[in-house]
Amino acid sequence: MLEKLAQIEKNYEELTEQISSPEIMSDMKAYAKAMKQHRSLGIIVEKYREVKKLTDDLTGAKELAAAADDDEMKQMALAEVAEIEAKLPDAEEELKFLLLPQDPNDEKNVILEIRAGTGGDEATLFAAEVLRMYARYAERQGWKMEVLEAADTGVGGIKEAIAMIEGDRVYSKLRYESGVHRVQRVPQTETQGRIHTSAITVAVLPEAEEVDVQINQNDLRIDTFCSSGPGGQSVNTTYSAVRITHMPTGVVVSMQDEKSQIKNREKAMRVLRARLQEIEEQKQHDALSAERKSMVGSGDRSEKIRTYNFKENRVSDHRIGLTVHQLDLVLEGQLDEFIDALRTHYQTEKLKAEAVAV
């Protein structure tokens, strides 16, 4: 592992020189690629240097404690030894996480899809709140979020919404948000104060680039129509809305957010590529893990992952047993506690699997 880390540090230093060279800076595509790699390696190198410093400091403190003639000096050195020994294991564990094989999708932007499920109007209202929650979280992360399509309801909710979130390592943070999100609260229309349970589904798809998914244009049926507002009211008299059907799979994507047919088509193709990529990855995943699924459950979107209980101001993630009593803050986009805990949990599981494989 030490040889691997030394090589990573060397690569990082070489990249540091490259990105300041006029040749790289004049080629924006090459510069962007080099900067992306530099950032990824920089996280590992920073933690590696931290571990090295702690290790060196620990050796020095132990030597000082052993050689000290003065009791006060000895106690100070021993206190430093204890302090470093408390920090070092966590730093080493974090470094091991960083060295795990990275999912190539982690660096990608995402297509976020939210759909109201059981619960009628209450489910659509909650879907709108969750969309807003992710918008707030994206804002806190410095990401850009654009709603590509939203089917509004007359009560202020949404039946379905599709959004694009762009930024640094978006998929790596949002990937575990896919699943059924359940809400428990008293609806405004409920006269007897009874708590109702509703559900929505969230899907987080890594954006697929053209090189990831090859689409045969002959497999597409493209229809154009006039975009419409709530209740079918026409909001655009030109045929700017686009519906693309991928005939081999039956996947349909409609887009009418833009006044330009060309822009709607571009957005629809981005969503279509992401969905087709997910279908292909799911096929591969099913083939590799059918036996494991039969033992531990599917883990797919049909399974409830999180509950939002308004009466108790509580949010519970059922996968990791984490509960916080700050639902109001969570809905304002303060998701870090859940996202960090989920990433740590699944990284730990991956680390265990790697250890067993070795």
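Taken together, the values in this text are just the output of simple stated rules run on the coordinates, not laboratory data. Note that the coordinates shown come from a computational prediction; the quantities given were computed from them, not determined experimentally. Glycine gets a Cβ as well: all are built from the backbone with ideal geometry, and neighbour counts include every protein chain shown.
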Item checked: Förster radius 22 Å - calculated FRET efficiency between THR118 and GLU312 (Cβ-Cβ, nearest 0.05) -> 0.55
Note to self: Compute the angle between helix 261-296 and the longest alpha-carbon principal axis of the chain, please, reported from 0 to 90 degrees and rounded to the nearest 10.
What the structure shows: 60
Notebook entry, point to check: Stokes-Einstein at 4 °C, 1.567 mPa s, Kirkwood radius from Cα pairs: D for region 2-99 in µm² s⁻¹?
Noted result: 82
Notebook entry, point to check: Semi-axes, largest first, in whole Å: what does sqrt of 5 times each Cα gyration tensor eigenvalue give for the chain?
Noted result: 45, 29, 19
Note to self: Which one, VAL183, HIS325, GLN75, is farthest towards the positive end of the dipole of the chain when Lys and Arg carry +1 and Asp and Glu -1 on their Cβ?
What the structure shows: VAL183
Check: How do 60-72, 127-139, 312-324 rank on mean C-beta neighbours within 10 Å, highest first?
Finding: 127-139, 312-324, 60-72
Check: Going by a ≥ b ≥ c, the root eigenvalues of the Cα gyration tensor, does region 17-56 fall in the rounded group (a/c under 1.5), the prolate group (a/b larger than b/c) or the oblate group?
Finding: prolate
Notebook entry, point to check: VAL147 to THR59: FRET efficiency via 1/(1 + (r/R0)^6), r the Cβ-Cβ distance, R0 51 Å, to the nearest 0.05?
Noted result: 0.40
Next item on the list: Go ahead and run the numbers for FRET between THR16 and GLU50, Cβ-Cβ distance against an R0 of 25 Å, rounding to 0.05.
Entry: 0.90
Check: Among LYS144/LYS283; LYS10/LYS87; LYS62/LYS173; LYS33/LYS283; LYS53/LYS108; LYS159/LYS259, which pairs are too far apart, with a Cα-Cα distance over 28 Å?
Finding: LYS144/LYS283; LYS62/LYS173; LYS33/LYS283; LYS53/LYS108
Margin query: At 0.36 nm per residue, and after removing the present C-alpha to C-alpha distance, how many nm does the segment from LEU78 to LYS33 gain when stretched out fully?
Written below: 11.5 nm
Notebook entry, point to check: Where does each of 194-206, 94-106, 149-161 land if you order them by average Cβ count within 10 Å, highest first?
Noted result: 194-206, 149-161, 94-106
Check: With charges only on Cβ, +1 for K and R and -1 for D and E, what is the dipole size of the chain about its Cα centre, in debye, rounded to 20?
Finding: 1740
